[in-house]
Every structure is written in structure tokens, then in C-alpha cells.
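Chemist: Below is the structure I would like to discuss, written out as C-alpha cells.
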Amino acid sequence: MSAREELIVKYAADLKDKCGVTPDMDLLTKVTIGCGPSIYNKDSSTVAGSQQSELDTVKNNFLIKKLGLTDGPELDAGIDAVIEKYGRSNSNKHRAVVYYLLALHFKKESIYN
């Protein structure tokens, strides 16, 4: 199993165990591939849910640039809902899982088709 495949299995477990979501493995794989090499770097592979600068990066680079959403309070509310679902106290919020949940939250799965 490749390193990416191992990470996808880990992300699927997080979705199921921590978020109560049964993952669409095809979508999860595509979101993970879309994260690029950041998934292999300890710092960039996770999202610091309590750092505003990190949340701004998620909003600007993923929601606005990747998903094509328009900036507004609903983006911050969506990020907040996803962080809450993943668990605020969970210090290891994997970027691919956060992005997967955001794609679902904003009903933008079609971006990955």
C-alpha cells in the first residue's frame, strides 16, 4: 500500500470514528489527491482549528479558490460547523478530512468529478 493509500485509510477512519460520517471513498481519494504534497508534511497536513490565520487560509485557498464560493459569513459558519463536527478538542484535524467535510457541507462534491 502506498503512503497516500495509507493516509486515505486513516482519513476514512477519522471520518467514521470522529465525525460519524461514512465516507465516499472515491470523493475522499480525490480530495486527498487535491491536497497535493501537503498531506506528507507534519505541519501542513493538519488544520489548526483555533488559529484564525489557518482558518483564513482554508477559506481563501480552498473554499474561494478551489470550490469557487463567494466570501461571506456563511463560509466562516461552514468552517466553524466542520471544526465542531471534527471535534474542537481533537488536535489532529487532517486537512484532507476538513476539506472533504467542507465539500460536503457546501454541496460542492461535483468539483471533484
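The values are calculated or read from the model by the stated rules, or taken from the named source; none is laboratory data. These numbers were taken from a predicted model, which means no experiment stands behind them. Every residue, glycine as well, gets a Cβ built from its backbone with ideal geometry; the counts of neighbours run over all protein chains shown. The area values use the complete protein model at the heavy-atom level, side chains included, leaving out ligands, DNA and RNA. Shrake-Rupley method; radii C 1.70, N 1.55, O 1.52, S 1.80 Å.
Chemist: For segment 34-76, what are the residues that are under 16 Å from His105 (Cβ atoms), of a type in the set (Lys, Arg) and open to solvent by 60 Å² or more (accessible area, probe 1.4 Å)?
Modeler: Lys66 - this is the single residue of segment 34-76 that is under 16 Å from His105 (Cβ atoms), of a type in the set (Lys, Arg) and open to solvent by 60 Å² or more (accessible area, probe 1.4 Å).
Chemist: If you don't mind, another one. Among the residues of segment 76-113, write down those that are in contact with an Asp or Glu (Cβ under 9 Å, 6 or more places away or on another chain) and acidic (Asp, Glu).
Modeler: Answer for segment 76-113, where residues must be in contact with an Asp or Glu (Cβ under 9 Å, 6 or more places away or on another chain) and acidic (Asp, Glu): just Glu109.
Chemist: Pairs please, first residue from segment 1-27 and closer than 15 Å to Val82 by Cα, second anywhere and open to solvent by 90 Å² or more (accessible area, probe 1.4 Å) and aromatic (Phe, Trp, Tyr), Cβ atoms under 7 Å, 6+ apart in sequence or on different chains.
Modeler: Within 7 Å, no pair qualifies.
Chemist: Would you please list the contacts, defined by Cβ atoms under 7 Å and residues six or more apart or on different chains, that run from a residue in segment 42-66 that is under 16 Å from His94 (Cβ atoms) to a residue that is assigned to a loop (DSSP other than H, G, I, E, B)?
Modeler: Thr46/Asn92; Thr46/Lys93; Val47/Lys93; Gly49/Arg88; Gly49/Lys93; Glu54/Val47; Glu54/Ala48; Val58/Val47
Chemist: Any idea which residue in segment 77-90 is most open to solvent (accessible area, probe 1.4 Å), counting only those that are under 14 Å from the mean Cα position of the chain (by Cα) and among the small types (Gly, Ala, Ser)?
Modeler: The extreme case among them is Ala81.
Chemist: Also: Can we say Asp26 is more than 16 Å from Phe106 (Cβ to Cβ) and exposed (fewer than 13 other Cβ atoms within 10 Å of the Cβ)? Break it down into steps so the answer makes sense when it comes.
Modeler: Values: more than 16 Å from Phe106 (Cβ to Cβ): yes; exposed (fewer than 13 other Cβ atoms within 10 Å of the Cβ): yes.
Yes; evaluated as a whole, the condition is true for this residue.
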